[in-house]
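Reading through the structure tokens given below for one structure.
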Amino acid sequence: MGQVMRDREHKVGLRDARAPIKAMHEPNIPIRGIYEISEILTAPTRLEITLANVVNALSSFVQMRHGAMVVLDAEGELEIAATAGNNHERQSEWRSVIPQAVVDRIVATGTPLVVHDVSKSELFQADLPTASSRAIMAVTFIGVPIQAEDEILGTLSIDRVRDGAASVRCDEDVRFLTMVANLVGRTIRLHRSLSTDGQRLVEEQRRPEKSVDEKETRPARHSHVKIDGIIGESPALKQVLETVAVVARTNSTVLLRGESGTGKEFFAQAIHKLSPRNKKAFVKLNCAALSESVLESELFGHEKGAFTGAVAQRAGRFELANGGTLLLDEIGEISPAFQAKLLRVLQEGELERVGGTRTLTVDVRLICATNKDLETAVVNGEFRADLYYRINVVPIMLPPLRERPGDIPRLAKAFLDRFNSENHCELAFAPPALDLISQCYFPGNVRELENCVRRTATLARSSTIATSDFACQNSQCLSSLLWKGADRANDGYASDEFGRNRMPVEMPLGARRFGAPEGAAVPINGRGPNDPASGAPGMRVTDYDRLIDAMQKAGWVQAKAGRILGLTPRQVGYALRRHGIEVKKF
């Protein structure tokens with residue numbers, strides 16, 4: 001009777017083991033299997049549970065009796081073992097499914113292993129079940145390596161009752177299991193990487209803080225603050241970097257102010273990278289580039305059908321930056337109507353999508369940037385005073401390039417290195433070329449300097465950039481023409497972005513650069529004092545008086561007057577003709 005029951009159980013088990021044969025021949029089964037296993041691998045669960053779920057899911061896509069997954073650590077020792085229907089961690093039950101010798105063979109060779117009859121394989125002899133069970137059925141074994149980036153992490157295997165079509169299905173199953181093993185390998189590598197980063201973060205948090213006495217006795221080292229992408233050693237820049245390093249540790253709203261081209265976006269990214277929010281998103285939006293309706297949709301998002309073209313729900317920039325940092329560039333250009341909508345989000349931390357009624361709560365660190373005179377805009381009623389006070393919590397003034405003359409050579413070399421890398425060149429500046437560019441007056445700041453370097457490098461006649469390669473030396477500096485035109489239109493003055501410290505676009509006669517000695521002449525637009533193309537700088541009424549005074553002191557000798565004014569005799573002669581001054585002869 002017992003033998004009859006065993007024979008019946010054997011037949012039922014054999015029929016169940018063969019059940020998926022027909023299904024496996026369907027062409028969409030492997031694709032569906034990879035899809036479902038990918039969903040299992042991306043589920044937010046512990047790695048041991050994830051791998052066990054993968055092994056259990058295999059029975060739906062391949063003919064199998066048992067399945068096993070073995071994961072090894074860096075020393076080759078067992079880390080995780082999962083079998084179909086069970087999850088064993090550092091236990092020995094998995095060896096009843098796959099012997100240790102088989103694991104060693106697959107890991108050592110790094111290739112799949114197929115054994116059509118395990119009873120005839122030496123690898124399985126020591127770990128086979130009892131002789132009576134071997135006599136009942138023949139079993140086929142399929143095992144593949146789990147690897148990621150050429151590193152063997154473990155094995156994935158199945159076994160099943162052997163039948164006549166086993167050799168055909170083995171090839172298909174090997175391909176399927178190999179794809180699954182590759183996905184598993186990437187998942188294991190990702191979990192290990194995240195675990196390592198988390199452990200390092202915990203260790204850093206546990207590291208003892210410096211004592212108060214130690215902080216007081218040691219001098220401050222703010223001058224050594226370094227931020228990727230920001231180049232310079234000038235005192236003006238170092239002061240900004242010190243402020244950035246301090247402000248980044250808090251969640252205070254920052255208002256970056258500075259002329260166009262001073263790198264406001266770079267400093268905003270630096271604040272985000274140095275802040276506790278650096279693991280979250282950094283989202284940016286240029287407010288001046290969008291209309292009011294589009295700007296509202298971009299910042300707050302919209303619901304499906306909220307307006308024509310809203311074919312799906314869309315999250316806004318505030319939602320995308322939740323937990324991170326949001327940069328609103330050109331904040332001074334938004335309309336008064338939209339300023340009121342923005343103010344509510346900044347005050348309450350709540351918003352509704354366009355066309356929606358559900359209130360969403362966001363946690364965003366806000367950084368605003370502008371080159372506009374917000375104070376004047378508030379006085380004129382163009383910018384809301386309450387919004388101004390909301391965003392002007394920590395203002396940071398970014399210095400223009402003319403206040404960082406020592407940084408110009410460093411920036412120029414960095415831009416040239418980037419050009420060389422992008423274009424596979426090996427250009428270099430000649431020392432006189434760096435001296436020339438260091439004396440240029442860049443109204444467009446760092447952006448204009450980069451364009452100047454790229455233009456000069458593109459048109460350079462040799463691998464060494466000389467002074468003659470610069471456009472300003474060939475009367476082709478279009479930026480110079482642009483600012484000269486602005487000079488004539490504004491009576492020699494160009495308003496700076498903050499409505500204060502107005503300065504001439506072209507420096508007046510004998511003007512002094514930042515860091516230059518008192519009375520030192522400054523070449524305009526990169527031209528040296530001996531350049532015939534330079535001419536005399538544009539002069540106002542006060543310059544006319546100074547020219548007359550210098551000529552009188554020099555006895556109307558142009559060479560002597562030039563030495564007084566720091567100009568060449570030719571430049572003095574040009575200025576005399578421009579102002580219609582007749583040279584007196586004695």
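The values are calculated or read from the model by the stated rules, or taken from the named source; none is laboratory data. This one's a predicted model, so the numbers in the text were calculated from it and none came from an experiment. Backbone-built Cβ (ideal geometry, glycine too); neighbour counts: all protein chains shown.
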**OP:** Would you be able to say whether some residue in the stretch 129-136 is modelled with pLDDT of 70 or more and either small (Gly, Ala, Ser) or surrounded by 20 or more Cβ atoms within 10 Å (Cβ to Cβ) (or both)?
**Re:** no
Original post:
Does the stretch 415-428 contain at least one residue that is hydroxyl-bearing (Ser, Thr, Tyr), in contact with a helix residue (DSSP H, G or I) (Cβ under 8 Å, 6 or more places away or on another chain) and on the phi < 0 side of the Ramachandran plot?
Top reply: no
Subject >> Hits in the stretch 410-443 (condition: over 16 Å from residue 469 (Cβ atoms) and in a helix (DSSP H, G or I)) >> reply: 410, 411, 414, 417, 418, 421, 422
Original post:
Exactly one of (1) modelled with pLDDT under 50; (2) more than 28 Å from residue 265 (Cα to Cα) is unmet by residue 463. Its number?
Top reply: (1)
**OP:** Quick one: count up the residues across the stretch 72-98 that are modelled with pLDDT of 80 or more, of a type in the set (Val, Ile, Thr) and either outside any strand (DSSP E or B) or surrounded by fewer than 21 Cβ atoms within 10 Å (Cβ to Cβ) (or both).
**Re:** 1
Subject >> Selection count, the stretch 247-268, where residues are crowded, with 21+ Cβ neighbours inside 10 Å and free of Cβ contacts under 8 Å to residues at least 60 places away in the same chain >> reply: 1
**OP:** Output the residue which, of all residues in the stretch 312-331 that are among the small types (Gly, Ala, Ser) and surrounded by 21 or more Cβ atoms within 10 Å (Cβ to Cβ), is farthest from residue 268 (Cα to Cα).
**Re:** 316
**OP:** Examine the stretch 143-164 for a residue that is hydrophobic (A, V, I, L, M, F, W, C), under 21 Å from residue 83 (Cβ atoms) and at pLDDT below 85, and state whether such a residue exists.
**Re:** yes
Original post:
Picking from 108, 68, 23, which residue would you name as being modelled with pLDDT of 85 or more, outside any loop (DSSP other than H, G, I, E, B) and out of contact with any Gly (no Cβ under 7 Å at 6 or more places or on another chain)?
Top reply: 68
**OP:** Please list, ordered by first then second residue, the pairs with beta carbon atoms under 9 Å, 6 or more apart or interchain, first in the stretch 330-357 and within 13 Å of residue 296 (Cα to Cα) and touching a residue at least 12 places away in the same chain (Cβ under 8 Å), second surrounded by 15 or more Cβ atoms within 10 Å (Cβ to Cβ) and of a type in the set (Ser, Thr, Tyr).
**Re:** 353/297; 354/297
Original post:
Is the stretch 468-483 home to any residue that is more than 33 Å from the chain's Cα centre (by Cα), surrounded by 18 or more Cβ atoms within 10 Å (Cβ to Cβ) and hydroxyl-bearing (Ser, Thr, Tyr)?
Top reply: yes
**OP:** Could you grab me the full set of residues in the stretch 379-422 that are touching a Lys or Arg at 6+ places or on another chain (Cβ under 8 Å), buried (at least 17 other Cβ atoms within 10 Å of the Cβ) and under 30 Å from residue 337 (Cβ atoms)?
**Re:** 396, 398
